[in-house]
1. In segment 239-291, how many are more than 24 Å from L370 (Cβ to Cβ) and of a type in the set (D, E, K, R)?
2. Looking only at segment 350-377, which residues are over 26 Å from the mean Cα position of the chain (by Cα) and over 17 Å from Q273 (Cβ atoms)?
3. Do we find a residue being closer than 25 Å to E288 by Cβ, surrounded by fewer than 19 Cβ atoms within 10 Å (Cβ to Cβ) and in contact with a strand residue (DSSP E or B) (Cβ under 7 Å, 6 or more places away or on another chain) anywhere in segment 343-352?
4. Among the residues of segment 261-297, write down those that are of a type in the set (G, A, S) and under 30 Å from R70 (Cβ atoms).
5. For segment 382-424, name all the residues that are without any contact (Cβ under 8 Å) to a residue 40 or more places away in the chain and among the aliphatic types (A, V, I, L, M).
6. Check D241 against each of (1) under 21 Å from the mean Cα position of the chain (by Cα); (2) surrounded by fewer than 21 Cβ atoms within 10 Å (Cβ to Cβ) and name the one condition it does not meet.
7. From P446, P410, which residue is touching a helix residue (DSSP H, G or I) at 6+ places or on another chain (Cβ under 9 Å), farther than 19 Å from P468 by Cβ and not acidic (D, E)?
8. State all residues of segment 81-113 that are free of Cβ contacts under 8 Å to residues at least 40 places away in the same chain, surrounded by fewer than 19 Cβ atoms within 10 Å (Cβ to Cβ) and closer than 27 Å to D204 by Cβ; if no residue qualifies, say none.
Amino acid sequence: MHRIGLPALPPLVIALCWFLGAGALAAPEPIGATTLTIGIGRDFFNGPEGQVYVHGSTNTWEGLTRLDDRLTAQPWLAEAWHTPDDGRTWVFRLRTGVRFHDGSPLTAERAAETLNRLRAHPRFDPNGLFDDVESITAVGERDLVYRLTAPVPFFPKAVSYYGSPIVAPETLTADGRMEGLIGTGPFRLGRIRRGDSLEVLAFDDYWGGRPAYDRVLFRTILDADSRLLALRAGQIDAIVDFGGILPQQAPDLARVKGVTVKHRELANTHQVQFNCRRGPFAERAWREWFASRLDRAALVGVFAPGAGVLARDPHTRLDPDVAFGCIAPPPPMAPPGETRPADPLILLLHNGFAGRLPYLEFAQVIQQHLREAGLPTEIRIQEPGAHRRTRLAGDYDLLIGPTGFLTGDPDHHYANFVAGTAPFSGGCRDPDIEELIATARHETDPARRRDQYRRLCEWVATEWPMIPLYHEVALYAHRETVADLEMDVIFRPWLDRARPAAGR
């Protein structure tokens with residue numbers, strides 16, 4: 001790869017360029033302030049039309065609960081919770097002493113006002129987490145009460161992280177948009193430079209204690225090689241995000257003096273999803289043939305070495321209670337028939353993932369397999385808006401994409417990616433399976449519920465609405481000037497724990 005260097009600019013020109021950017025509007029960094037600079041492969045600014053104004057990795061806002069390494073709900077802004085009626089009503093007790101970044105206190109009434117935004121405006125709840133929520137009310141200063149239309153036994157997981165983003169109600173508009181962000185996190189929002197960087201500043205009155213860094217700067221560096229070069233050169237201190245470091249970069253990076261490379265298995269599973277609404281994959285025989293033809297172990301071993309675990313479940317294996325290991329390739333078989341589509345098949349990729357994950361390499365192997373079977377295939381890479389429209393319109397034949405486990409519960413996977421009527425499914429419909437998904441969501445007996453999800457897993461392994469490829473192991477890294485910088489299973493960095501290394 002050839003790189004073209006830029007000529008050195010006079011200091012006055014550099015200063016003028018900086019002034020003409022958004023930096024002219026920001027207060028100068030305090031003398032002696034500590035800054036942690038993190039390189040990411042995307043923009044963490046979502047804006048007023050986003051589910052939340054900025055990404056949760058910024059550590060500016062918080063939810064009621066968070067998930068641990070086994071996807072169990074743990075206290076966050078809620079210190080405790082209980083259900084008085086076997087899952088139809090849930091009461092969350094808020095922590096004391098929590099303040100928003102403007103100094104105002106967090107109360108149950110203000111939290112309810114914020115969370116009712118998601119219930120009242122479903123476009124900000126794309127995964128349907130609030131479909132069962134009848135009301136959210138405050139009782140006293142600290143108790144937040146959810147009343148549901150039916151029991152949901154995993155509800156404390158459902159309200160983790162993006163299931164309960166709490167911000168100051170003053171930032172919300174009548175139509176549910178966020179105009180700015182005032183959260184409760186360890187950092188408050190600073191300067192935003194669209195497509196370039198996003199700054200957060202330490203919140204002195206954070207309930208968990210002031211973070212060690214005064215400032216964190218997220219730099220958007222779309223090119224993976226450029227991110228790595230910036231880390232090696234000390235222009236950034238860390239790369240912490242899912243897909244931030246490509247698998248093939250890890251061996252060279254591990255040999256760089258002064259850089260620590262880490263691994264974290266995430267609650268993400270990457271898959272090939274079929275469009276079951278049109279041929280040829282409307283026929284189970286074609287899906288099964290392709291599952292028999294695709295060497296998943298070889299794909300992961302070649303293109304995601306050290307960054308993926310071969311998937312034997314349709315979703316993450318991090319919760320051992322619902323990791324059944326039921327996915328296995330069918331025996332080798334010939335293509336099922338002579339009939340071939342007149343037009344090339346469309347293999348759909350999201351450009352935001354194709355640049356951060358080995359999706360294009362996977363797609364090229366898949367394309368070759370299909371061509372050998374007499375199925376010419378076009379790889380179509382689209383930006384997020386077009387990708388979403390194409391997916392919802394069903395104008396594709398198969399796609400490669402991630403399925404997150406945002407709620408820590410199998411319901412999120414089956415309700416959003418498997419149910420035939422779900423917006424992100426491929427439309428493989430089976431009335432018995434639709435009923436089973438709906439029943440499992442509300443089943444309060446743990447043993448029966450586990451059996452229901454085993455049956456769903458076995459159905460996926462038989463009908464092949466999708467082919468799970470691998471569970472992601474995120475690669476992230478930081479310079480040795482940084483200590484205690486870690487990532488959780490939902491790829492959120494623990495910025496409140498990170499600190500400058502001793503003696504640095």
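1. 7
2. Q368, R371, E372, A373, G374, P376
3. As a first pass, look at segment 343-352 and keep what is closer than 25 Å to E288 by Cβ: 343-349.
Restricting the remaining residues to those that are surrounded by fewer than 19 Cβ atoms within 10 Å (Cβ to Cβ) gives 343-344, 346.
Then keep just the ones that are in contact with a strand residue (DSSP E or B) (Cβ under 7 Å, 6 or more places away or on another chain); that gives 344, 346.
For segment 343-352, residues closer than 25 Å to E288 by Cβ, surrounded by fewer than 19 Cβ atoms within 10 Å (Cβ to Cβ) and in contact with a strand residue (DSSP E or B) (Cβ under 7 Å, 6 or more places away or on another chain): present.
4. Within segment 261-297, the subset of a type in the set (G, A, S) is 267, 279, 282, 285, 291-292, 297.
A267, A291, A297, listed by residue number.
5. A386, L392, A393, A419, A422
6. With respect to (1) under 21 Å from the mean Cα position of the chain (by Cα); (2) surrounded by fewer than 21 Cβ atoms within 10 Å (Cβ to Cβ), D241 is out only on (2).
7. Working: P410 fails: farther than 19 Å from P468 by Cβ.
Checking each option against the conditions leaves just P446.
8. Within segment 81-113, P105, T107, E109 qualify.
The values are calculated or read from the model by the stated rules, or taken from the named source; none is laboratory data. A quick note: this is a predicted structure, and the numbers were derived from the prediction, not measured. Don't worry about glycine lacking a Cβ; one is built from the backbone with ideal geometry, like all the others, and counts go over all protein chains shown.
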